[in-house]
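Let me begin by presenting the structure, written as structure tokens, before commenting on it.
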């Protein structure tokens, strides 16, 4: 596919993002996963041209059920920028989004580069911090309906992210942490970190592999959202959303 077509699709999605107007899914049944990631890259370049800076990545389709649903055997990823960050316990307006939802996650902060085929020990040694997180997702497509290539092109529905208090990864065993998503102090979803590829650290391993296929890597200082432990819930005004992960504490946003 020609680069001009990648850019054309990226501009459509970018216009939707900036004007908060949902669009129809990309009407091209011939788009491959490679094509979709090219469109994603063009969209990120448009954001960088406006002065945004890349801060990391978000993983998607990290549960077996979602992979089966989308007929894929590996997760997908999108890119995070500084303009997506919302501070813990901060209030914000959902008018900046189209139809936002939020998912409870665990995030990593990389202390050193992570590249290529890596072991679990190598992934752990690259981490300088881990925390409970919230991933605000916001599809640019009408009614939040899309194909696999659509969502990759749309930067995996990246909208915003919130990080809780940073903990030392050496002190936390992430493979079986109960997670609780509450709204106005009432639990609405219960999950477990093992829903994220069996262990969230596997998200780092898989991301390093996916980026290596594109001759890239996870840079030191990057934030990586490892994937959701439960289904998403809708974000609406007058809500206080909290993700509590055992051993990691809580992360909160107020809408």
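The values are calculated or read from the model by the stated rules, or taken from the named source; none is laboratory data. Note that the structure is a prediction, hence the values are computed from the model and not measured. Methodologically, a virtual Cβ is constructed for each residue, glycine included, from the backbone with ideal geometry; neighbour enumeration extends over all protein chains shown.
The rows are residues; the columns are (1) in contact with a helix residue (DSSP H, G or I) (Cβ under 6 Å, 6 or more places away or on another chain); (2) at pLDDT below 95.
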position: 113; (1), (2): no, no
position: 118; (1), (2): yes, no
position: 133; (1), (2): no, no
position: 143; (1), (2): no, yes
position: 173; (1), (2): no, yes
position: 204; (1), (2): yes, no
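State whether one or more residues within the range 95-104 are over 30 Å from residue 11 (Cβ atoms), out of contact with any helix residue (DSSP H, G or I) (no Cβ under 8 Å at 6 or more places or on another chain) and not in a helix (DSSP H, G or I). Looking through the range 95-104, at least one residue is over 30 Å from residue 11 (Cβ atoms), out of contact with any helix residue (DSSP H, G or I) (no Cβ under 8 Å at 6 or more places or on another chain) and not in a helix (DSSP H, G or I).
Here are 227, 191: which of them is touching a helix residue (DSSP H, G or I) at 6+ places or on another chain (Cβ under 7 Å) and buried (at least 22 other Cβ atoms within 10 Å of the Cβ)? Result of the check over 227, 191: 227. Of all residues in the range 183-203, those that are free of Cβ contacts under 8 Å to residues at least 24 places away in the same chain have Cβ atoms under 8 Å from Cβ atoms of residues that are part of a strand (DSSP E or B) and buried (at least 16 other Cβ atoms within 10 Å of the Cβ), 6 or more apart or on another chain, in 187/180; 187/181.
Within the range 206-219, restricting attention to residues that are surrounded by fewer than 18 Cβ atoms within 10 Å (Cβ to Cβ) and touching a helix residue (DSSP H, G or I) at 6+ places or on another chain (Cβ under 8 Å), the residue that is modelled with the lowest pLDDT is 214. When residue 169 is tested against (1) surrounded by 18 or more Cβ atoms within 10 Å (Cβ to Cβ); (2) more than 18 Å from the chain's Cα centre (by Cα); (3) at pLDDT 95 or above, only condition (3) is not met. A residue that is modelled with pLDDT under 95 and out of contact with any strand residue (DSSP E or B) (no Cβ under 8 Å at 6 or more places or on another chain) occurs somewhere in the range 82-94.
The criterion of being without any contact (Cβ under 8 Å) to a residue 60 or more places away in the chain, more than 15 Å from residue 222 (Cα to Cα) and in contact with a strand residue (DSSP E or B) (Cβ under 6 Å, 6 or more places away or on another chain) holds for residue 138. I'd like to know if the range 20-29 contains one or more residues that are crowded, with 16+ Cβ neighbours inside 10 Å, touching a strand residue (DSSP E or B) at 6+ places or on another chain (Cβ under 6 Å) and modelled with pLDDT under 95. Yes, because at least one residue in the range 20-29 is crowded, with 16+ Cβ neighbours inside 10 Å, touching a strand residue (DSSP E or B) at 6+ places or on another chain (Cβ under 6 Å) and modelled with pLDDT under 95. Considering only residues in the range 105-155 that are part of a helix (DSSP H, G or I) and at positive phi, the one that is farthest from the chain's Cα centre (by Cα) turns out to be 143.
If you go through the range 41-70 and pick out every residue that is under 23 Å from residue 204 (Cα atoms), touching a strand residue (DSSP E or B) at 6+ places or on another chain (Cβ under 7 Å) and either modelled with pLDDT of 95 or more or assigned to a helix (DSSP H, G or I) (or both), you end up with 8.
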